[in-house]
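Please read the structure below before turning to the comments.
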Amino acid sequence: MTIDAGRFTERAMRETLDRIAQRLHVDATDAQLLRLTNNAVFALPSAGLVVRITRSHRLHARVHKVAKLGAWFPTVDAPTIRLADTTEQPIADGPLLATVWEYVRPNPPHPDATDLGIALRVFHRLDPPPFELPRWDPIGDARTRISDAEALSNADRAYLLAWCDRLQPRLDAFVAVAKPGLLHGDAHEGNLLRDDGGRVLLCDFDATCIGPFQVDLVPPPANEARFGPTGGHTKLAAAYGYDVTADPAWPLLREARDLKMIAGGVPLLASAPGVADEFRLRLDSVRSGDANVRWTAFGDLPR
């Protein structure tokens, strides 16, 4: 199911936000759009809240998982943002689901890869929560996004699904011998916040799961390979105490990350200007084996 251009636009998401704010009895007139990808994320500074509204009906299970995680994090003092104590979560607005979080205002300095390494080291030491989490399954996630995306051409769908088929047995073999633990699932500097006390907090738990710790160390070096060097990987490796690019599984993990970064744009093809062109650039660069092509983050494209 693709994101419908009328039902999932920024305007439609703001209308949903207004209804949720009314139910919470808070003012949304100062709402700031922070992100418009698979979720529409709005900050309501005056209310001290952040509202995350899913833009894909196929991802509702994730919203319920995230709400459970948000309730659990304070019990173990996880280095994460906190779910707002407002009402039972997630909150439904017709077919849409949302979670509401405590607002963390930006505090300098902006968290960097060193902060990411420190936060992940603490996060990875946590025992899994007392409820079931999904296992790391990048292929299953990619297939979900690809299989019935109406804006995807048949040729592109076939190529992506064949890629999934080639990767699956190799990833299965890696996971079979790796030690499982709590994963953030989408660890990068953009998913960090610094609170008023200076503590760095992880956010965005859509992909949180159980799997090999190496997975959380892949985004910085993989992103540098595709978006350009930043020096972040060197800082991350030093702060965490492990260089994932020296791991024998690095080429496989990087390829799985590339698939994730391409498949992640599939639900947005029909509604977000610029995504189709960026999707084509990414897919063509992978198919041709051209590692020198620079990608642009979907979140940085025109909305």
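Just to check your reading of the model, which residue among 95, 90, 138, 128 is under 15 Å from the mean Cα position of the chain (by Cα) and either of a type in the set (S, T, N, Q) or over 18 Å from residue 192 (Cβ atoms) (or both)?
Details: 95 fails: under 15 Å from the mean Cα position of the chain (by Cα); 90 fails: under 15 Å from the mean Cα position of the chain (by Cα); 128 fails: under 15 Å from the mean Cα position of the chain (by Cα).
On inspection, the qualifying residue turns out to be 138.
Across the stretch 287-302, the qualifying residues are those that are outside any helix (DSSP H, G or I) and of a type outside the set (A, V, I, L, M, F, W, C), and the one among them that is surrounded by the most Cβ atoms within 10 Å (Cβ to Cβ) is 296. Scanning the stretch 1-38 for residues that are modelled with pLDDT of 90 or more and of a type in the set (S, T, N, Q) turns up 16, 22, 29, 32. Residue pairs whose Cβ atoms lie under 8 Å apart, separated by 6 or more positions or on different chains, with the first residue in the stretch 175-186 and over 16 Å from residue 122 (Cα atoms) and the second of a type outside the set (A, V, I, L, M, F, W, C), are 175/135; 175/211; 175/212; 178/211; 178/212; 178/214; 179/212. All of 142, 98 fail the test of being in contact (Cβ under 8 Å) with a residue 60 or more places away in the chain, crowded, with 22+ Cβ neighbours inside 10 Å and not assigned by TED's automatic domain parsing to the domain that holds residue 16, apart from 142.
Please tell me if residue 123 is outside the structural domain of residue 263 (by TED's automatic domain parsing), under 20 Å from the mean Cα position of the chain (by Cα), in a helix (DSSP H, G or I) and crowded, with 16+ Cβ neighbours inside 10 Å. No. Of all residues in the stretch 73-84, those that are closer than 15 Å to residue 197 by Cα have Cβ atoms under 9 Å from Cβ atoms of residues that are loosely packed, with under 13 Cβ neighbours inside 10 Å, 6 or more apart or on another chain, in 80/74; 82/74.
Could you please let me know if residue 180 is in contact with a Gly (Cβ under 9 Å, 6 or more places away or on another chain) and modelled with pLDDT of 95 or more? When the stated conditions are applied, residue 180 passes them.
Of everything in the stretch 204-248 that is more than 17 Å from residue 121 (Cβ to Cβ), outside any loop (DSSP other than H, G, I, E, B) and polar (S, T, N, Q), the residue that is modelled with the highest pLDDT is 245. Restricting the stretch 191-215 to residues that are polar (S, T, N, Q) and touching a helix residue (DSSP H, G or I) at 6+ places or on another chain (Cβ under 8 Å) leaves a set whose member that is farthest from residue 72 (Cα to Cα) is 214. The residues of the stretch 257-286 that are within 17 Å of the chain's Cα centre (by Cα), part of a loop (DSSP other than H, G, I, E, B) and either in contact (Cβ under 8 Å) with a residue 60 or more places away in the chain or assigned by TED's automatic domain parsing to the domain that holds residue 37 (or both) amount to a single one, 264. Residues of the stretch 162-184 that are part of a loop (DSSP other than H, G, I, E, B) and either over 24 Å from residue 231 (Cβ atoms) or among the charged types (D, E, K, R) (or both): 178, 179.
Identify all residues within the stretch 216-241 that are within 25 Å of residue 73 (Cβ to Cβ) and touching a Lys or Arg at 6+ places or on another chain (Cβ under 9 Å); write none if there are none. Listed by number, the residues that qualify are 218, 219, 220, 239, 240, 241. Going by the structure shown, is residue 59 surrounded by fewer than 21 Cβ atoms within 10 Å (Cβ to Cβ), touching a strand residue (DSSP E or B) at 6+ places or on another chain (Cβ under 9 Å) and at pLDDT below 95? Spelling it out, residue 59 is indeed surrounded by fewer than 21 Cβ atoms within 10 Å (Cβ to Cβ), touching a strand residue (DSSP E or B) at 6+ places or on another chain (Cβ under 9 Å) and at pLDDT below 95.
The values are calculated or read from the model by the stated rules, or taken from the named source; none is laboratory data. Just so you know, these numbers come straight off a predicted model, no measurement behind them. Here Cβ is always computed from backbone atoms with ideal geometry, including for glycine, and neighbour counts include all displayed protein chains.
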